[in-house]
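No value in this document is a laboratory result; all are computed from the given coordinates. Since we're looking at a predicted model, the values are computed, not measured. Here Cβ is always computed from backbone atoms with ideal geometry, including for glycine, and neighbour counts include all displayed protein chains.
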Amino acid sequence: MQQKLNYELIIFDCDGTLADSELAHNTVLMEQLHDLGLTEYTMEKTMETYMGRAVTDIVESVEKNYSVRFPDHHWEKNQERYKELLPKHIRLDPTTGPLVKRLHDEGRKIAVGSNGTRDNVIETLKAANLKQFFPDDFVFTFEMVKNPKPSPDLYLHVCEAMHVAPRHAVVIEDTVAGATAGIAAEIDTIGYVGLTHRGGQEDRLRMLGCKEVISSMKDLEKILYPDSQNGKAA
C-alpha cells in the first residue's frame, strides 16, 4: 500500500471491526428467522447471507424472498435481545483499544460508520469500552442516509459531516458490503480480518480492491504511522 502520512479522518466500521458483535447480531436474526418458519438458517448460513447488511435491507429481502412478514415491533425486540446477548458474545482485538486511544489523544479525527442501528452501535461501543473515544456526533449509522452500505451514501455523509474530503479519509471495514461502500465513495479502504470472519474473507476483500488487508489493529497503526518504531514515534 502506498503510505499516506496525512489521513485527516479515520472511519471505522463497528460490528466485526471495532468489536466482534456479529455472533450476537446473527443469533438474534437466526432466532427471528426460525420464528418465521425459516429453520434452514443455521448460524453459518445466516452470517453467510446477511452479515454486514442493514436491518431494513434484511427485512425487505426476507419478506420478498419467502413471502413472510416480520411481526410488529420486531425492531424493538431485536434490540432488546441483542443487548441481552452482547455481554456474553462480544470479542475484542486487544490492539484496537490502544490504537483508538492514541488517535483520540492526539486529536486525530476518528468516526464510526455502521450499518447497525444507532442504539445497537452505541451499546457495542460501550461494551467494548470504546464509547469514550467516539462522541455521539462522531457515530454515524445507516438511519442517517437514504441507502445503507454497500451504497457509498453513509461514508460520503461521514466525510461531509466531519468536513473532510473523501480523498483525505480512510475506511476500515471487515465485510464485502462495507468495503464496497468505501471503495464506491472513492475513499482508501483497508480490509480487516482480525476477528471472527468467514473463510476466504481476506481474498474477497483484496479482490474488491482494498488497499490492504490487515489481521490486527497493530497493522493499521503501522500504516497510519509508517515512520514509527514498534508503534512509538521515532
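Some notes on this structure:
- Between 0 and 90°, nearest 10: helix 22-35 axis offset from the chain longest Cα axis: 10
- Residue 227 paired with residue 80, simple spin-label distance in nm, labels 7 Å along Cα-to-beta-carbon: 5.5
- Taken as Cα centroids, segment 10-37 and segment 187-217 sit 18 Å apart, rounded to the nearest whole angstrom.
- 0 to 90° range, to nearest 10: angle between helix 74-89 axis and the chain longest Cα axis: 60
- Assigned charges on the beta-carbon of Lys, Arg, Asp, Glu; segment 22-89 dipole about Cα centre (debye): 80
- Taking 28, 112, 121 as the candidate residues, the one with maximal mean-square fluctuation in a Gaussian network model of the chain, Cα springs under 10 Å, is 28.
- Taking the helices alone, the chain has a mean residue ellipticity at 222 nm of -13000 deg cm²/dmol, built from -39,500 (n - 2.57) per DSSP H run of at least 4 residues and averaged over all its residues.
- Since only 99, 158, 29 are under comparison, the one whose Cα sits farthest along the positive direction of the charge dipole of the chain, derived from C-beta charges on Lys, Arg, Asp and Glu, is 99.
- Burial order of peptide ranges 199-210, 12-23 (average beta-carbon count within 10 Å, highest first): 12-23, 199-210
- For segment 85-184, trypsin sites (Lys or Arg not before Pro) meeting the loop criterion (DSSP other than H, G, I, E, B) and having at most 11 other Cβ atoms within 10 Å: 146.
- Inter-label distance for residue 73 and residue 36, nm, one decimal - labels placed 7 Å from Cα along Cα-to-Cβ: 2.0
- DSSP bridge analysis restricted to the chain gives an antiparallel fraction near 10%, rounded to the nearest 5.
- The Cβ shell under 14 Å around residue 130 holds other residues with a net charge of -2, Lys and Arg each +1, Asp and Glu each -1.
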